[in-house]
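Data first, discussion second: the structure below is written as structure tokens.
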Amino acid sequence: MDYPVIAKPDISQLKAHPNLDDYAGARATFQWDSIREELDGLPGGGLNLAYEAVDRHLKTARRTKTAMIWEGKNGEEERYTFEQMAGQSNRFANVLAGLGIQKGDRVFIFAERFPELYFAVFGTLKRGAVIGPLFSAFGPDPVKDRLEDSGAKVLITTPDLRERVKDILPQLPELKHIIIMNKNGRFKDALKPGDLSFEDLMAKASDQFQIEATQETDYSIMHYTSGTTGKPKGAVHCHRAVLGHYATGKWALDLQDQDIYWCTADPGWVTGTSYGISAPWTNGATQLIYEGGFSANRWYSLIDKYKVTVWYTAPTAIRLLMKAGEAAVKRHDVSSLRHICSVGEPLNPEAVVWGTRVFDQAIHDNWWQTETGHILVANYPAMDVRPGSMGRPIPGVEVAIVNVETGAILPPGTDGDLAVKPPWPGMFQMYWRNEAMYNSKFKNGWYITGDRAHMDADGYFWFVGRTDDVINTAGHLVGPFEVESALIEHPAVAEAGVIGKPDPIAMEVVKAFVSLKDGYEPSEPLRQELMRFARQKLAAAVAPREIDFLPSLPKTRSGKIMRRLLKARELGLPEGDTSTLEDD
Ligand code: PRX
């Protein structure tokens, strides 16, 4: 079904004049140097994300403005001004310097969303080290893979999460320091022998720090992202990405000085750093950070209580809100919202239309990836919204549908590979220690995103699907290999094949097929045990939601498990080309 276009609003009727009021003009004339001029650069030369997000505001009236409003799981509230953020992050930079952490060293953080996480991120960047935030729901395997691959020297975590991953910590020879955060003394006996106390170190550190003179191409943040083969890869970004965060924070999120902004993503994923840290604070907005997870009622009451104006969330959350019903919204006053955006998975056109009914405005979908570092395609506040479309490319970047073999741009209306012309400010600089994989993403002068899409005659992009086996569950990419590797560690499992099974809420859920070793029989208790085993090793979000037993898995003659065939059989679809299928 085709959904009618939601006509652009009359700008004079909007609560704030949009940042990008002339899209065509900006596309025609925009130069990234103009963004360099709007930012400050380090006083002695160079560029540092933490300086642009925090310290540069200290020269202005924003010095005493609230940068962060934090609401804890139990309803606690804390507020920090830009000046306080600067002082606290300086302290943490001094802590790292005192531990001998050098420019370029990797510092990882595995913690819930509380203010100290943000101080640590900025402190690490000020020291010139590379910050690697980890999703707090991860189990031991994903944490070990990431710390090991990155050669992290420091892990900042909390007593409960340390306990969860304690067995892997002695297996990491490059890890030199474990810093434990004990937020408001929540835990008794927080420290294990050899641990350092975040609170003690911070209390002793100076709140003055000379920021490392990082250059645009120095590394800043790394996020691990899943591919089809092998373990997740560390996509490394550099300080220059701040230009893209800042600009798209204006264009797509329409951030302005008076905004109370809320991004529901966790900093363990790229949305939670680019748009949960960099974009809002470089734009000087006040940001709400909520420690807890999804709850329709709690979320609406947060919007009401803090008068959130700009909200950045995800399709799975929106589908859950739709399920909670319109009555749930009506119990709260959400009229402060003036701009709503979504990312991470296809946003159903029904959800966009639902937004116009319950929030009196369209939900603005946008598209990007860990590798792109920031939004590249978006529906902008002063533009017609086509429900189901991801929108149009940002000024200053060329996005196209190409034939991956030739690099030729395909005509409108044709499905093809979604590709980006390098470079752009947020472009990932490498996959950590995996140059071959990095190079394989660039072909015929294009960065190939791994997504299929088409563009319509007016330049709007429409998502079609992925070109690989990567699973998108609730906006989190899951590599089937990671899940298969965990499952085959169980003594009963001979082989495992993992697919994404369509799901009305999470878009896809992880489904595994396993064959058993001789001497083991399929049974319900064994299925339950395998589910528990995988959840304990991975994370609830990554572990399979369903497991089926098969006598053997379909494989190619070279022995590769044919996930495509498993998926086709699961969905009752045609099996396609099975000519390389192994003879049974
Ligand atoms: O497949 C696309 C999907 O999510 C992938 C990127 O995931 P990740 O690297 O984890 O970054 C998440 C933060 C943006 C894309 O390759 N995706 C992202 N946005 C959309 C989307 N699929 C459809 N529509 C979107 N708006």
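The values are calculated or read from the model by the stated rules, or taken from the named source; none is laboratory data. The model shown is predicted, which means the values in this text are computed figures rather than measured ones. Note: ideal-geometry Cβ built from the backbone for every residue, glycine included; neighbour counts use all protein chains shown.
Before we move on, is Thr271 surrounded by 19 or more Cβ atoms within 10 Å (Cβ to Cβ), in contact (Cβ under 8 Å) with a residue 12 or more places away in the chain and over 25 Å from Asp451 (Cβ atoms)? Judged against the criteria, Thr271 is not a match. Name the pairs whose Cβ atoms lie under 6 Å apart, with the first residue in segment 463-480 and closer than 15 Å to Pro315 by Cβ, the second more than 10 Å from the ligand (Cβ to nearest atom) and among the hydroxyl-bearing types (Ser, Thr, Tyr), and 6 or more positions between them or separate chains? From segment 463-480, the pairs are Ala474/Thr316; Gly475/Thr316.
Scan segment 85-142 for residues that are of a type in the set (S, T, N, Q) and part of a loop (DSSP other than H, G, I, E, B) and report the count. Number satisfying all stated conditions: 2. Filtering Arg146, Arg113, Arg106, Arg162 for residues that are in contact with a strand residue (DSSP E or B) (Cβ under 7 Å, 6 or more places away or on another chain) and without any contact (Cβ under 8 Å) to a residue 60 or more places away in the chain leaves a single hit, Arg162.
Just one of the listed residues (Ser150, Ser136, Ser89) is surrounded by fewer than 24 Cβ atoms within 10 Å (Cβ to Cβ) and touching a Gly at 6+ places or on another chain (Cβ under 6 Å), and it is Ser150.
For Ala400, the criteria (1) within 15 Å of the ligand (Cβ to nearest atom); (2) not in a loop (DSSP other than H, G, I, E, B) hold in every case but one, which is (1). The residues of segment 360-388 that are of a type in the set (Ser, Thr, Tyr) and more than 9 Å from the ligand (Cβ to nearest atom) amount to a single one, Tyr380.
The conditions of being part of a loop (DSSP other than H, G, I, E, B) and within 16 Å of the ligand (Cβ to nearest atom) are not met by Gly413. The set of residues in segment 431-453 that are within 30 Å of Gly497 (Cβ to Cβ), within 15 Å of the ligand (Cβ to nearest atom) and either of a type in the set (S, T, N, Q) or not in a helix (DSSP H, G or I) (or both) comprises Tyr431, Lys441, Tyr447, Ile448, Thr449, Gly450, Asp451, Arg452, Ala453.
Would you please name the residue that is farthest from the ligand (Cβ to nearest atom), looking only at residues in segment 339-359 that are part of a loop (DSSP other than H, G, I, E, B) and in contact with a strand residue (DSSP E or B) (Cβ under 7 Å, 6 or more places away or on another chain)? Across segment 339-359, the extreme among qualifying residues is Phe359. Picking from residues in segment 465-482 that are in a strand (DSSP E or B) and more than 9 Å from the ligand (Cβ to nearest atom), the one that is surrounded by the fewest Cβ atoms within 10 Å (Cβ to Cβ) is Thr473. I'd like to check something: does segment 422-430 contain any residue that is more than 27 Å from Gly391 (Cα to Cα) and within 16 Å of the ligand (Cβ to nearest atom)? Looking for residues that are more than 27 Å from Gly391 (Cα to Cα) and within 16 Å of the ligand (Cβ to nearest atom), one finds at least one in segment 422-430, hence yes.
Can you tell me which residues in segment 92-106 are within 18 Å of Ile180 (Cα to Cα) and buried (at least 17 other Cβ atoms within 10 Å of the Cβ)? Scanning segment 92-106 gives Phe92, Ala93, Asn94, Val95, Leu96, Ala97, Leu99, Ile101, Arg106. Among the conditions (1) buried (at least 17 other Cβ atoms within 10 Å of the Cβ); (2) within 17 Å of Pro504 (Cβ to Cβ), Ala324 misses just one, which is (1). Quick one: would you say Ala382 is over 30 Å from Pro133 (Cβ atoms) and part of a loop (DSSP other than H, G, I, E, B)? In short, yes. Look at (1) crowded, with 21+ Cβ neighbours inside 10 Å; (2) modelled with pLDDT of 95 or more; (3) within 16 Å of the ligand (Cβ to nearest atom) and you find that Thr309 fails only one, number (3). Counting only strands (runs of 3 or more DSSP E) that sit completely within segment 190-277, those holding 3 or more residues that are within 14 Å of the ligand (Cβ to nearest atom) correspond to 219-225, 233-238.
Within segment 284-334, if we keep just the residues that are assigned to a helix (DSSP H, G or I) and aromatic (Phe, Trp, Tyr), the residue that is farthest from the chain's Cα centre (by Cα) turns out to be Tyr306. For segment 502-515, the count of residues that are outside any strand (DSSP E or B), closer than 12 Å to Leu487 by Cβ and of a type outside the set (Ser, Thr, Tyr) is zero. Scan segment 231-238 and give yes if some residue there is farther than 21 Å from Phe138 by Cα and touching a residue at least 12 places away in the same chain (Cβ under 8 Å), otherwise no. Scanning segment 231-238, I find at least one residue that is farther than 21 Å from Phe138 by Cα and touching a residue at least 12 places away in the same chain (Cβ under 8 Å), so the answer is yes.
Give the residues of segment 385-397 that are in a loop (DSSP other than H, G, I, E, B) and either out of contact with any Phe, Trp or Tyr (no Cβ under 9 Å at 6 or more places or on another chain) or hydroxyl-bearing (Ser, Thr, Tyr) (or both), sorted by residue number. Residue satisfying the conditions is Ser389 alone. Any residue at all in segment 531-544 that's without any contact (Cβ under 8 Å) to a residue 24 or more places away in the chain and within 30 Å of Ala324 (Cβ to Cβ)? Yes: one or more hits.
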